Amino acid sequence: MTSFISQILEQLLSQEKDISTLIFVLPSKRAGAYLRKELGNLVDRPIISPKVISIEEFSEKVSGLKAIDSVHTLFELYAVYKELTPKEQLEDFESFGNWAQTLIHDFNEIDRYLIDPMKIFSYLFEIQDKNHWSLGENQTDIVKNYLTFWKKLPEYYSLLKRNLLSKSKGYQGLIYRHAAENIEEFAKLNAENYVFLGFNALNNAEQHIIQSMLANKARIFWDIDEVFLKDDNHDASLFIRQYHENWPYYKTNKFEFASNTYNTEKEIEIIGVPKNIGQVKFVAETLSELTKDQLNSTALVLGDESLLLPMLNSIPPNIEDLNITMGYPLKYSVFSSFFEKLFEIYQIENNKIYYKDVIAVLNSPLVIKATNFGSEKVINKIKTENLLYLSKQQIEGFFPAEHLELISTCFHDVKLKPAQVLQRFEIIIQHFKALLNKDEDSLSLEFLYHYHLVVQRLTELITEFPHFTSLVSLLQYFRELSSQQSLDFQGKPFQGLQLMGMLETRGLDFETIILTSVNEGILPAGKSNNSFIPYDLKKTFNLPTYKEKDAIYTYHFYHLLHRAKKIYLLHDTDTESQMGSEKSRFLLQLLHEQQPAHKITTSIISPEVPVVNNELQKIQKTPEILEKLMQLAGRGFSPSALTTYIRNPLDFYKQYILGIRDNEEVEETVAYNTLGTVVHDTLEAFYKPFIGKPLRIEKLKDLKKSTAKEVKVQFEKTYSKAPLNLGKNLLIFEVAKRYVINFLNMEIKQLEAGKNIIVKEVESDLSLALSITGLDFPVHVRGKVDRVDLLDGVLRIVDYKTGKVTQNQLEIADWDLLTTDYDKYSKPFQVLTYATMLLNSTENNGEVEAGVISFKNLKEGFMKFSLKEKQAGKPIKNSKITEEILNDFHKQLSQLILEICNPEIPFIEKEIKPAYGAY
């Protein structure tokens, strides 16, 4: 394959005596590097390399102006806006920025296409005057201000242009306009040595510049195929066809040049792959099948440049040499989210910083390193103490003095100005820089350097133009300047696989092309309306519309195919994606216009999804597990541990053998188990002073009065000292209060009905040694009973539940089901365990009952455990805890513990539904 650049150089070498004197103007610097490489291959003796520049550099040279970026232009425009706008109508910089970027874009287009600004602004004002909604003669202030804005556009433009020219600066359009004004004189002296290569869509200024150069013996070579040039309807040649037909130069000069390489043998595969990651994986598989020689002439072109990172992570091992022409965006660095989070924190004005924001900063790798892992300890403290909002002083109090400079810079307790934020960023950058090692952390240092440039640039702009008053504006332009910064990859530019974006392919040719994301909305990009100038007015003044923008994409797409022999065109088939993943019109056009020499195949690739058999896990009991079980038995099995085993042995294994618990996280909203703990602890605090004494109505009424205060105290102990007067937490706080008050009301009613209640124990720790045949090591059960009392002489063992429990959940008919069916019998199992422990440790000759008080079902009162039996053929319920019942339960308890400790019985996972237990 002979590339376009090689063909031109061969022609020039055969015609020119000294090619070193030529100056080549190309669409991109990348094409310039290839030109030098191809020239080196073609000459057989040392020569001085000719000068290679981009069209932008050429325009700057002719105009004598220095280019400024869009952010700088915005600042310059705001200075103009302030000068021309009355104070009472002046918008702040943040509001101004919302529409000024669009205005700058329109100024740029007007200049690039050499449109008379006064004429088009006059048209625009007339259109807006007819469009506004006020039909009466007496216009409102809003309408007057609206029309005044449009009327002032010529003044904004003129003063901005005058200010920039006085500083010898310009945005791109102004540079082009000024270059077009100066080109005649420049061309007479310099044109003969200039060669323009590989251009396509030229704005009016570029057309005027190049035609003036051509008139003075410069040369231009187009890269277009005859197939497209002869097709009057094909968008790939839309612009070049117009130049060929309309430029006076071509009335007397030959058109150079149209190739005829498109209609040659090509293998084109159109491949549909679901999702971006599917495309990445398919590309990796395709690359792995290419030889080293094939890779040296292969370009992987990313239609969607956001695929760069996943693509880099999927490059197969056979790729020895890789050249990446796209930069690594700064937004993908580890520092991007860090600085964004600092912006969020700096906007907080009440010195109450949300815990997630604090954790996000402290979790940064460099903060962890700077604090010698102290920040990780602070994060754990925040989680364990459930600190929802923190002040700057509170955060600083967690760190020793040597770490305070960095921590104080990251957090604040007063409102900051933009300049102060940038100063803090610079301190943080320098602090991080001192931590990093040049050899081990070169990438991080490079990122920091680029952020230093962003901060420095913003500082310069703020100093020159003191418009910033809000951090929101600062964040906006921090993002914009960051998006303009990228890290260049180091590689061998002409060896191995070339990984590039669509625009980097201008002027270049490859034998094998892999192009991703050939979908509507990407290739072509589709309509966008970032302009105040309506479509009809654009057409009137020959400004580019979406039609011309689509034609640019068409040219780039077909240019890739000109000289290629093997082409893979990938499109996303995932219909649920944001753009709908419609196949690009380019693919449909390619199939419709198929050339005789082209072999085109289409296919849809779907990944094989293997069938996953969800087999229940089985854990055999090793000697280490058995040792752990013996330790657990010695300390004592709790009722919750035993019911966990009944529900799912695998959960028991994870929690009690491996010690795996849920991660400690901050509870933003009070969890249900926390609510249960608060209610339990409140009742414990209330009833402990009454142990051994009969309850009195007046005492319980006093407790009702202090319920809110005590519940708040318990929430602070168990949950957090965060305010409980907002949102869901307020509702849950009120629920806890209501549970306690309703319980006290129930007790008062019983006393008023003549009942006698004596509280014997509250939240008492119980333990019992068990003698189990078959086990040669000590076994205990232990637990904490919520309450034991005497009601009219009957001993009651009470378990509080904040969830809803009904009477039928406390009844059993078959002892054998007690240790197998968690959903039905977990409540009877728990209360019988408490009864067994209590009655074996104390003497009691009276009646005993065990049961549950459900705060969600208080109308049922104390719900007793009951054994369903038959007496004289009739079903009866026995709610008294007898020795016979305890013996029967002891058998079931022994069997369960024997099963748990049996080395031959593995822990077998049960297939269960999520359970929502009552606490």
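The set of residues in region 290-308 being open to solvent by 20 Å² or more (accessible area, probe 1.4 Å), closer than 21 Å to Ala525 by Cα and in a helix (DSSP H, G or I) consists of Glu305, Ser306. Checking Lys704, Lys749, Lys760, Lys728 one by one, the residue that is more than 25 Å from Val785 (Cα to Cα) and either touching a residue at least 24 places away in the same chain (Cβ under 8 Å) or surrounded by fewer than 16 Cβ atoms within 10 Å (Cβ to Cβ) (or both) is Lys728 and no other. A count restricted to region 837-856 and to residues that are out of contact with any Phe, Trp or Tyr (no Cβ under 9 Å at 6 or more places or on another chain) and open to solvent by less than 10 Å² (accessible area, probe 1.4 Å) stands at 3. Exactly one residue among Ser364, Ser375 is modelled with pLDDT of 90 or more, over 22 Å from the mean Cα position of the chain (by Cα) and surrounded by 15 or more Cβ atoms within 10 Å (Cβ to Cβ), and that residue is Ser375. In summary, Tyr78 fulfils each of the numbered conditions (1) over 20 Å from Ile533 (Cα atoms); (2) more than 36 Å from the chain's Cα centre (by Cα); (3) not acidic (Asp, Glu) with the single exception of condition (2). Applying the criterion of being more than 19 Å from Leu147 (Cβ to Cβ) and open to solvent by 50 Å² or more (accessible area, probe 1.4 Å) to the residues of region 86-104, the residue that is modelled with the lowest pLDDT is Glu94. Annotation note: Cβ proximity below 7 Å between a residue of region 384-406 that is within 20 Å of Phe715 (Cα to Cα) and a residue that is open to solvent by 60 Å² or more (accessible area, probe 1.4 Å) and in a loop (DSSP other than H, G, I, E, B) (sequence gap 6+ or interchain) occurs for Thr384/Glu664; Leu388/Glu668; Tyr389/Lys352. Among the residues of region 218-277, the ones that are under 30 Å from Ile23 (Cα atoms), part of a loop (DSSP other than H, G, I, E, B), in contact with a helix residue (DSSP H, G or I) (Cβ under 7 Å, 6 or more places away or on another chain) and not hydroxyl-bearing (Ser, Thr, Tyr) come to 6 in all. Within region 397-419, none of the residues are assigned to a helix (DSSP H, G or I), under 21 Å from Glu94 (Cα atoms), out of contact with any His (no Cβ under 9 Å at 6 or more places or on another chain) and of a type in the set (Lys, Arg). Filtered by the rule that a residue be more than 36 Å from the chain's Cα centre (by Cα) and either farther than 26 Å from Phe228 by Cα or part of a helix (DSSP H, G or I) (or both), region 536-551 gives Asp536, Leu537, Lys538, Lys539, Thr540, Phe541. Inside region 632-656, can you point out the residues that are acidic (Asp, Glu) and at positive phi? Those that are acidic (Asp, Glu) and at positive phi: none in region 632-656.
Let's see how each residue does on (1) among the aliphatic types (A, V, I, L, M); (2) modelled with pLDDT under 95; (3) over 30 Å from Trp99 (Cα atoms):
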{"residue": "Lys539", "(1), (2), (3)": "no, yes, no"}
{"residue": "Asp550", "(1), (2), (3)": "no, yes, no"}
{"residue": "Lys566", "(1), (2), (3)": "no, no, yes"}
{"residue": "Leu570", "(1), (2), (3)": "yes, no, yes"}
{"residue": "Thr573", "(1), (2), (3)": "no, yes, yes"}
{"residue": "Ser581", "(1), (2), (3)": "no, yes, yes"}
{"residue": "Pro596", "(1), (2), (3)": "no, yes, yes"}
{"residue": "Ile605", "(1), (2), (3)": "yes, yes, yes"}
{"residue": "Glu615", "(1), (2), (3)": "no, yes, yes"}
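Looking only at region 618-638, decide whether some residue is open to solvent by 100 Å² or more (accessible area, probe 1.4 Å), over 30 Å from Arg782 (Cα atoms) and within 42 Å of the chain's Cα centre (by Cα). No, region 618-638 contains no residue that is open to solvent by 100 Å² or more (accessible area, probe 1.4 Å), over 30 Å from Arg782 (Cα atoms) and within 42 Å of the chain's Cα centre (by Cα). When restricted to residues that are under 27 Å from the mean Cα position of the chain (by Cα) and either modelled with pLDDT of 90 or more or open to solvent by 80 Å² or more (accessible area, probe 1.4 Å) (or both), region 458-473 contains 1. Would you confirm whether or not region 505-514 contains a residue that is at pLDDT 90 or above and part of a helix (DSSP H, G or I)? Yes. Just to be sure before I move on: is Pro418 open to solvent by 30 Å² or more (accessible area, probe 1.4 Å) and at pLDDT 90 or above in the structure I sent? Considered against the rule, which asks whether it is open to solvent by 30 Å² or more (accessible area, probe 1.4 Å) and at pLDDT 90 or above, Pro418 comes out as no.
Hey, can you tell me all the residues within region 29-49 that are open to solvent by 60 Å² or more (accessible area, probe 1.4 Å), in a helix (DSSP H, G or I) and of a type in the set (Asp, Glu)? None - no residue of region 29-49 is open to solvent by 60 Å² or more (accessible area, probe 1.4 Å), in a helix (DSSP H, G or I) and of a type in the set (Asp, Glu), so the list stays empty. Set side by side, the residues Lys699, Lys712, Lys704, Lys760 differ, and just one is of a type in the set (D, E, K, R) and either out of contact with any helix residue (DSSP H, G or I) (no Cβ under 9 Å at 6 or more places or on another chain) or within 27 Å of Val831 (Cβ to Cβ) (or both), which is Lys760.
A quick yes/no check of all residues on (1) in contact with a strand residue (DSSP E or B) (Cβ under 9 Å, 6 or more places away or on another chain); (2) in contact (Cβ under 8 Å) with a residue 12 or more places away in the chain; (3) open to solvent by 10 Å² or more (accessible area, probe 1.4 Å):
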site: Ala201; (1), (2), (3): no, yes, yes
site: Gln211; (1), (2), (3): no, yes, yes
site: Ala258; (1), (2), (3): yes, yes, yes
site: Gln279; (1), (2), (3): yes, yes, no
site: Ala284; (1), (2), (3): no, yes, yes
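Tell me whether region 391-407 contains one or more residues that are more than 23 Å from the chain's Cα centre (by Cα) and within 26 Å of Tyr332 (Cα to Cα). Looking through region 391-407, at least one residue is more than 23 Å from the chain's Cα centre (by Cα) and within 26 Å of Tyr332 (Cα to Cα). For region 316-336, a tally of residues being in a loop (DSSP other than H, G, I, E, B), open to solvent by 40 Å² or more (accessible area, probe 1.4 Å) and of a type outside the set (D, E, K, R) returns 2. For region 552-569, which residues satisfy the criterion of being among the β-branched types (Val, Ile, Thr) and assigned to a strand (DSSP E or B)? Across region 552-569, the qualifying residue is only Ile567.
Count of region 50-85 residues, restricted to those that are open to solvent by less than 50 Å² (accessible area, probe 1.4 Å), over 18 Å from Arg177 (Cα atoms), not hydrophobic (A, V, I, L, M, F, W, C) and not in a helix (DSSP H, G or I), is 2. Sort out which residues of region 788-836 are open to solvent by 30 Å² or more (accessible area, probe 1.4 Å) and part of a loop (DSSP other than H, G, I, E, B), and write them in order of number. Passing the criteria: Asp792, Gly793, Lys804, Thr806, Ala813, Asp814, Thr820, Asp821.
The values are calculated or read from the model by the stated rules, or taken from the named source; none is laboratory data. These numbers were taken from a predicted model, which means no experiment stands behind them. Because the Cβ atoms are built from the backbone with ideal geometry, glycine has one as well, and the counts that use them run over all protein chains shown. Accessible surface areas use protein heavy atoms only, side chains included; no ligands, DNA or RNA. Shrake-Rupley method; radii C 1.70, N 1.55, O 1.52, S 1.80 Å.
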